[in-house]
Amino acid sequence: PLSWHMPVSKSPFRYAVAVREENATYNLLHHKKEFSLNFLEHDYLAAYDYAGATHGGDKFEYTKLTKKAPEFIESTLIEEAYMIYECQVVEVLSFGDHDIFIADVLVIHNRDKKDVKPTLFLGKGYYDTTTQTPKRAIRSF
């Protein structure tokens, strides 16, 4: 799970993610120079919160999410995601306690799904979606 991310260019389509040095993902990003963004609906809030609060281990085993093979990168994708970006890092910028990884979006996997309830992270364990009031995640793993 990633809290800080945003598009930074339309042509070429580039996306940026900010990751703290203390996260295991930080070293993986520096080493592999690639990542995937798997957008999960609000219905997967417990899995999203668990994966973000847990460092190491097999997160697929505990969250019961399904692995999906990528097209262009090595990173594992999440089958349940309503949208996935496969990304190749083109530049890394260091600012304070986070590095910003800017990447080309190589492919977008998009499900033909209506009425998506995206998960929006509000900070400090609070989440929202565009169709209901904010609620705190309840960890059940």
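Each value in this text was obtained by applying a stated rule to the coordinates, not by laboratory testing. Note that the structure is predicted; figures quoted are calculated from it, not measured. With ideal geometry, Cβ positions are generated from the backbone for all residues, glycine too; neighbour counts draw on all protein chains shown.
Estimated from the Cβ-Cβ distance and a Förster radius of 41 angstrom, the FRET efficiency linking F72 and D115 is about 0.90.
Remark: the chain carries a charge dipole of roughly 380 debye about the Cα centre, counting +1 on each Lys and Arg Cβ and -1 on each Asp and Glu Cβ. Straight-line cross-link partners of K33 among the lysines, defined as a Cα under 26 Å from its Cα and at least 8 positions apart when in the same chain: K10, K59, K67, K68. Normalised Debye scattering of the chain at q = 0.13, 0.14, 0.15 Å⁻¹ gives log10 I(q)/I(0) of -0.58, -0.68, -0.79, counting only Cα atoms as equal scatterers and leaving out solvent.
Shown here for the range 27-109: chymotrypsin sites (Phe, Trp or Tyr not before Pro) in loop regions (DSSP other than H, G, I, E, B) with at most 16 other Cβ atoms within 10 Å, namely F72.
The lysines within cross-link reach of K124, meaning a Cα-to-Cα straight distance under 20 Å and a gap of 8 or more places when in the same chain, are K135. Rounded to the nearest Hz, the phi-derived 3J(HN,Hα) couplings of the range 17-30 under the Karplus curve 6.51 cos²θ - 1.76 cosθ + 1.60 (θ = phi - 60°) are 10, 10, 9, 6, 4, 6, 7, 4, 4, 4, 5, 4, 5, 5, where x marks glycine and proline.
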